[in-house]
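One structure is given below, encoded as structure tokens.
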Amino acid sequence: MRPLIALLTDFGLSDPYVGMMKAVIKTINPEADIIDITHEVPKYNIRMGAHILKVASKYVPSGAIIVGVVDPGVGSGRRSVIMVSKKHVYVGPDNGLLVPAATGEGLIEAYVIREEVAGLPNPSPTFHGRDIFAPTAAWISKGVKPESLGTRVDPNELVRVDTLPKPVTSKGNIAGVEVVHVDGFGNIITSATLKQIMDALSLTYGSRVDVSADGVKWYAAEVVKSFSYVSRGSFAVYQGSYELAEVAVFMGSAAEVLRPAGRILFRNPALSNTESNNTST
């Protein structure tokens, strides 16, 4: 089986950065197969990148090398690391990006990359993805052991991030969660799972739930397994592919309607004696 390297970054695809990383990998190991998990992690959002990586890594074949680069601290004193789990080898910055996925699989050992050994000559202080992480992954894909490319460190010393999902804040018949991302369809991805919201508000599938960005204007939604369960233009609340609760308008944009500033509120009208007169249906 050909060695597999999977890439996740916040680089986007309008610039040559991803192509340069792939070119470095192929130069060192022409036999390596490369897949793209995503290059559209929200810019600089390490926590969201870590969550996406944790979710996506479940579907990456065992034995693959995963390179993650969401690295606002590039060029600073942050370390470059290799993490070996029971399923994958991870390469990237020591800023918390890789830890949730690696620990979820059973983190075995970690190494600080010796850049003079594993990296390209004269690495750029602003592009470790190309000059350090890509070549490190390529050498590992050729069978070079991580211990030959780095210095072992205690995994407990690795940087951690505030992970998702987060607890739901609830009071009475209203629960609040953080907005962590808005996808290309205008669907609002929240910081909680659907089960957390359902438990907090005593909701079930098919329940009416109101949603709001400001607590003033509310919109009627339905708790469903997929947004296609509601009619076109209607709000749906469901568990999305990020394994987090999402708010969507079927065939529309929830973000354009709600324009959330950072939080979304959910209200169970069945728990309220009177419903607000400004609830839209």
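The values are calculated or read from the model by the stated rules, or taken from the named source; none is laboratory data. Please read all numbers here as calculations on a predicted model, not as lab measurements. Ideal geometry is used to build each Cβ from the backbone, glycine not excepted, and the neighbour counts take in all protein chains shown.
Taken over the stretch 59-70, the criterion of being touching a residue at least 24 places away in the same chain (Cβ under 8 Å) and more than 18 Å from residue 163 (Cβ to Cβ) is satisfied by 60, 61, 62, 63, 64, 65, 67, 69. Restricting attention to the stretch 243-260, the residues that are closer than 21 Å to residue 203 by Cα and buried (at least 19 other Cβ atoms within 10 Å of the Cβ) total 7. Restricting to the stretch 74-93, name every residue that is surrounded by 23 or more Cβ atoms within 10 Å (Cβ to Cβ) and within 16 Å of residue 161 (Cβ to Cβ). Those that are surrounded by 23 or more Cβ atoms within 10 Å (Cβ to Cβ) and within 16 Å of residue 161 (Cβ to Cβ): 81, 83, 90, 92, 93. Looking for whichever is crowded, with 22+ Cβ neighbours inside 10 Å and in a loop (DSSP other than H, G, I, E, B) here; the options are 164, 120. Which one fits? The match here is 164. Residues in the stretch 74-113 that are touching a strand residue (DSSP E or B) at 6+ places or on another chain (Cβ under 6 Å), over 21 Å from residue 145 (Cα atoms) and of a type in the set (A, V, I, L, M): 97 alone. Just one of 171, 166, 142, 217 is within 23 Å of the chain's Cα centre (by Cα) and of a type in the set (Lys, Arg); which is it? Answer to the selection: 166.
Just wondering, is there one or more residues in the stretch 10-31 that are among the acidic types (Asp, Glu), surrounded by fewer than 21 Cβ atoms within 10 Å (Cβ to Cβ), in contact with a Leu (Cβ under 8 Å, 6 or more places away or on another chain) and not assigned by TED's automatic domain parsing to the domain that holds residue 242? Within the stretch 10-31 (the criterion being among the acidic types (Asp, Glu), surrounded by fewer than 21 Cβ atoms within 10 Å (Cβ to Cβ), in contact with a Leu (Cβ under 8 Å, 6 or more places away or on another chain) and not assigned by TED's automatic domain parsing to the domain that holds residue 242), the answer is no, since none of the residues qualifies. Scanning the stretch 174-195 for residues that are over 16 Å from residue 42 (Cα atoms) and over 15 Å from the mean Cα position of the chain (by Cα) returns 174, 175, 176, 177, 194, 195. Total residues in the stretch 182-222 satisfying the condition of being at pLDDT below 95 and under 15 Å from residue 238 (Cβ atoms): the figure is 1. Being in contact (Cβ under 8 Å) with a residue 12 or more places away in the chain, farther than 21 Å from residue 11 by Cβ and either among the small types (Gly, Ala, Ser) or outside the structural domain of residue 48 (by TED's automatic domain parsing) (or both) is the filter here, so list the residues in the stretch 131-153 that pass it. Hits for the stretch 131-153 are 148, 150. At pLDDT 95 or above, under 30 Å from residue 136 (Cβ atoms) and among the polar types (S, T, N, Q): is that true of residue 151 in this structure? Criteria met by residue 151. Checking each residue in the stretch 99-130 for being touching a residue at least 60 places away in the same chain (Cβ under 8 Å) and under 24 Å from the mean Cα position of the chain (by Cα) picks out 99, 100, 127, 129, 130.
Scoring residue 71 on the criteria (1) more than 26 Å from residue 154 (Cβ to Cβ); (2) of a type in the set (D, E, K, R); (3) crowded, with 19+ Cβ neighbours inside 10 Å leaves a single failure, condition (1).
I need the strands (runs of 3 or more DSSP E) fully contained in the stretch 1-107, keeping only those with at least 1 residues that are closer than 22 Å to residue 117 by Cα. Can you show your working first?
Working: elements: 4-9, 33-38, 65-69, 80-85, 89-93.
Answer list for the stretch 1-107: 4-9, 65-69, 80-85, 89-93.
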